[in-house]
Amino acid sequence: MIAVALLAAILQATPAAAGSRAGPRKATAPGPAEPATIAHNAQVLQELPFSDRQDYDDAQRGFIATLPDLTIVRDDGTIVFSLQEFEFLQQPEAPATVNPSLWRHAQVNLTHGLFQVTERVYQVRNFDLANMTIVEGQSGVIVIDPLTATETSKAALELYYQHRGVRPVKAVVYTHSHHDHYAGVKGVVSEADVLSGDVTVLAPEGFLDAAVSENVYAGTAMSRRASYMFGYLLPKTATGTVDDGLGKSQSVGTVSLIAPTDTITRSGETRNLDGVQIEFVMAPQTEAPAEMTLYFPELRVLDAAKIACPLMHNTLTPRGAQVRDPRKWAASLDELIARYGSQADVLIASHNWPRWGRGPAVQLMADQRDLYKFMNDQTLHLLNQGYVPVEIAEVIKLPASLAKLWYVRDHYGTLKHNVKAIYQRYLGWFDGNPANLDPLPPVEAARKYVEYMGGASVVTARAQQDFKHGEYRWVAQLMNQVVFAEPDNVEARKLQAAALEQLGYQAESPIWRNFYLSGAQELRDGLAPAPGGAATGSADTIRSMTIPLLFDYWGVLLDAAKANGQRMLLNWTFTERNESYALNLSNSALTHHPGLDPAADASFTLARATLNAILLGQTDFQTEVKAGRIQAVGNVQKLAELMGMLDKFEPQWPIVTP
């Protein structure tokens, strides 16, 4: 899920963001695969079972139709999603600049269109990062996970209609709280249809809070890191991005949100939606804070949402989030096996392709159950012997019984990243070594390192020799010190970029590849303008934020220096639900509590809809007060003072340089 961009959601009185640090940008041609990379990728061909073509067959099974030269555009002609640039993946053998295992996965992920899974169950795959599942009911259809953007979800449903006939959407199911599974909802149903009761919107308990909050507080940083993770600025070539792991690519269209009208709160709950019986099993704190799986007993189909895709997932996404719980993940898979292992004929998921047959479906879930439990327990096993995260990542290896299974390979998450995250979950970032308790920050430390090693020219000369020997990890680490000590050192930047590029060419994980190649690009060409990646901020998101969530976000925006020594207390009453809150500023911190405080400096009474319009830049406080839509009492200037203390975050800042 991509982070929420709330830059437009701040009151108009908030100061403008500082000027972008992105300067002029040129495109530097990528380098070739070096001998060590060629040897590394050749070795992968010898180690893994490339003769196994089952995934290719499963991805094609049930194919009905697709759109030629798949490209989805907005009304204004802007491209929202396209697969045309991935045609280079038709080449049978992986080029030297792509790990062969990743090339294989990227090829399978290129399969797109409308597919029949079984009687009355269809999927549209690779019209966005996720799959849209469509289940035919008595009088209409149930849409499960309506993609990232309204444009892509509309195109997916229209493709279904072309080949199965137009049937009204009777229900929408959000399997979990990541926006690539709900943000296209208004491409398949309207809010009016939901409000009228004609359409049910079903989600797991905690969905709405997780959907609008998981990426709000650290949203700008997550968005910035996501631009690396998904390679937004990389060309789609054999020396650029080739895949996103869970799907080919992520759309950049219009995001939306309709609040659930029904909620699943416990495992074993059932619903009959348009004549289709569905059993639900809760899976919170696995791949998402709020998640559930679905079983269709009459159709014998198990939808595992995102907890059983044919790849290793992240216990901590590199874009940043809270660490997921692999122990609960394993337990959730075990529960699915116990409940449905003897019943389900096919296993589908929110990404990638299905697995047919009870034996293969159960085997995948069992092996992935063991994978997540292995990572959890062996990380604990090693940390209890004194190993620190980087050591655990270096020594831990999958058992031979798992290592060559395609559906546990590093095609999204990675073993090395996951075990470090598990360490963090249990012990935090500090490894226990007091030398690491309060280290120098990156720039100061880098200057000292380079000085002690004899200066930048000496370090770079030695690193160039190590580069020739294929020691790319060390060269990237070492040259990072030189770049942070001397950001304008062109030779150092080029060498670090070259090392990162080779690591990208070797990476099995598409998101590691994207990180490496994005870093190399930024080192060579400078900081780019903010990319046009998918953003989950929208009017629907703003409207869905609770007042406490909104006030907490204002606390994140608060500039402590500007607020130093300031005190104020503001009462807020929202008329629709008769909600009241007291917002307090003291000690450079914003806090709030329900109810009104008689000592408030000022009080404001308004409709929540009025506040939403202000947050979305459609009006301002002064206009609404004059129009009588806000009743303001007391020292109303205090609100302007508070707004003047809130920052807007710049969406683009350096990652590989200071």
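Among the residues of the stretch 624-654, those that are surrounded by 15 or more Cβ atoms within 10 Å (Cβ to Cβ) and either free of Cβ contacts under 8 Å to residues at least 60 places away in the same chain or among the small types (Gly, Ala, Ser) (or both) comprise GLU624, VAL625, ARG629, ILE630, ALA632, GLY634, VAL636. Residues that are farther than 22 Å from PRO260 by Cβ and in contact with a Lys or Arg (Cβ under 7 Å, 6 or more places away or on another chain) were ranked within the stretch 194-235; the one that is surrounded by the fewest Cβ atoms within 10 Å (Cβ to Cβ) is ARG225.
The residues in the stretch 66-95 that are touching a strand residue (DSSP E or B) at 6+ places or on another chain (Cβ under 8 Å) and small (Gly, Ala, Ser) can be counted, and the count is 1.
The rows are residues; the columns are (1) at negative phi; (2) modelled with pLDDT of 95 or more; (3) of a type outside the set (D, E, K, R); (4) in contact with an Asp or Glu (Cβ under 7 Å, 6 or more places away or on another chain).
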{"position": "ASN587", "(1), (2), (3), (4)": "no, yes, yes, no"}
{"position": "HIS592", "(1), (2), (3), (4)": "yes, yes, yes, no"}
{"position": "ALA599", "(1), (2), (3), (4)": "yes, yes, yes, no"}
{"position": "ASP620", "(1), (2), (3), (4)": "yes, no, no, no"}
{"position": "GLY628", "(1), (2), (3), (4)": "no, yes, yes, no"}
{"position": "PHE649", "(1), (2), (3), (4)": "yes, no, yes, no"}
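The set of residues from the stretch 294-322 being modelled with pLDDT under 95 and among the hydrophobic types (A, V, I, L, M, F, W, C) comprises just one member, ALA321. Residues that are in contact (Cβ under 8 Å) with a residue 40 or more places away in the chain and open to solvent by 50 Å² or more (accessible area, probe 1.4 Å) within the stretch 550-569 comprise ASP552, VAL556, LYS562, GLN566, listed in sequence order. Does VAL124 fit the bill of being open to solvent by less than 20 Å² (accessible area, probe 1.4 Å), in contact (Cβ under 8 Å) with a residue 60 or more places away in the chain and not small (Gly, Ala, Ser)? For VAL124, the condition - open to solvent by less than 20 Å² (accessible area, probe 1.4 Å), in contact (Cβ under 8 Å) with a residue 60 or more places away in the chain and not small (Gly, Ala, Ser) - is not met.
Filtered by the rule that a residue be more than 14 Å from HIS313 (Cα to Cα) and open to solvent by 60 Å² or more (accessible area, probe 1.4 Å), the stretch 368-382 gives GLN378, HIS381. If the condition is being open to solvent by 20 Å² or more (accessible area, probe 1.4 Å), modelled with pLDDT of 95 or more and farther than 15 Å from PRO548 by Cβ, then the stretch 570-585 contributes only THR575.
Please verify whether the stretch 393-405 includes one or more residues that are over 30 Å from ASP58 (Cβ atoms), at pLDDT 95 or above and in a loop (DSSP other than H, G, I, E, B). Within the stretch 393-405, none of the residues are over 30 Å from ASP58 (Cβ atoms), at pLDDT 95 or above and in a loop (DSSP other than H, G, I, E, B). How about the stretch 358-381: which of its residues are of a type in the set (Val, Ile, Thr) and either without any contact (Cβ under 8 Å) to a residue 40 or more places away in the chain or under 14 Å from ILE348 (Cα atoms) (or both)? Answer for the stretch 358-381, where residues must be of a type in the set (Val, Ile, Thr) and either without any contact (Cβ under 8 Å) to a residue 40 or more places away in the chain or under 14 Å from ILE348 (Cα atoms) (or both): just VAL362.
Being closer than 18 Å to ILE511 by Cβ and of a type in the set (A, V, I, L, M) holds for only one residue in VAL443, VAL419, VAL450, and it is VAL419. Checked against (1) out of contact with any strand residue (DSSP E or B) (no Cβ under 8 Å at 6 or more places or on another chain); (2) open to solvent by less than 20 Å² (accessible area, probe 1.4 Å); (3) of a type in the set (A, V, I, L, M); (4) within 30 Å of ARG577 (Cβ to Cβ), ILE547 passes all but condition (1). Taken together, the residues in the stretch 312-329 that are surrounded by fewer than 23 Cβ atoms within 10 Å (Cβ to Cβ), of a type outside the set (S, T, N, Q) and in a loop (DSSP other than H, G, I, E, B) amount to 6.
ASP431 passes every criterion in (1) under 30 Å from LEU234 (Cβ atoms); (2) open to solvent by less than 60 Å² (accessible area, probe 1.4 Å); (3) part of a loop (DSSP other than H, G, I, E, B) apart from (1).
Scanning the stretch 294-338 for residues that are touching a residue at least 24 places away in the same chain (Cβ under 8 Å) and of a type in the set (Asp, Glu) yields ASP303, ASP325, ASP334, GLU335. When SER332, SER350 are checked against the criterion of being crowded, with 24+ Cβ neighbours inside 10 Å and not in a loop (DSSP other than H, G, I, E, B), SER332 stands alone in meeting it. Which one is nearest to the chain's Cα centre (by Cα) among residues in the stretch 81-100 that are in a loop (DSSP other than H, G, I, E, B) and hydrophobic (A, V, I, L, M, F, W, C)? Taking the candidates together, the pick is LEU83. Inside the stretch 434-446, residues that are more than 13 Å from VAL390 (Cβ to Cβ) and part of a helix (DSSP H, G or I) make up a count of 7.
Could you check, for the stretch 132-139, whether at least one of its residues is within 23 Å of the chain's Cα centre (by Cα) and not β-branched (Val, Ile, Thr)? Yes; the residues of the stretch 132-139 include at least one that is within 23 Å of the chain's Cα centre (by Cα) and not β-branched (Val, Ile, Thr).
The values are calculated or read from the model by the stated rules, or taken from the named source; none is laboratory data. Remember, it's a predicted structure, so these values are computed and weren't measured experimentally. Positions of Cβ are backbone-derived with ideal geometry, glycine not excepted, and every protein chain shown enters the neighbour counts. Keep in mind that these areas ignore ligands, DNA and RNA; they rest on the heavy atoms of the full protein, side chains included. Shrake-Rupley method; radii C 1.70, N 1.55, O 1.52, S 1.80 Å.
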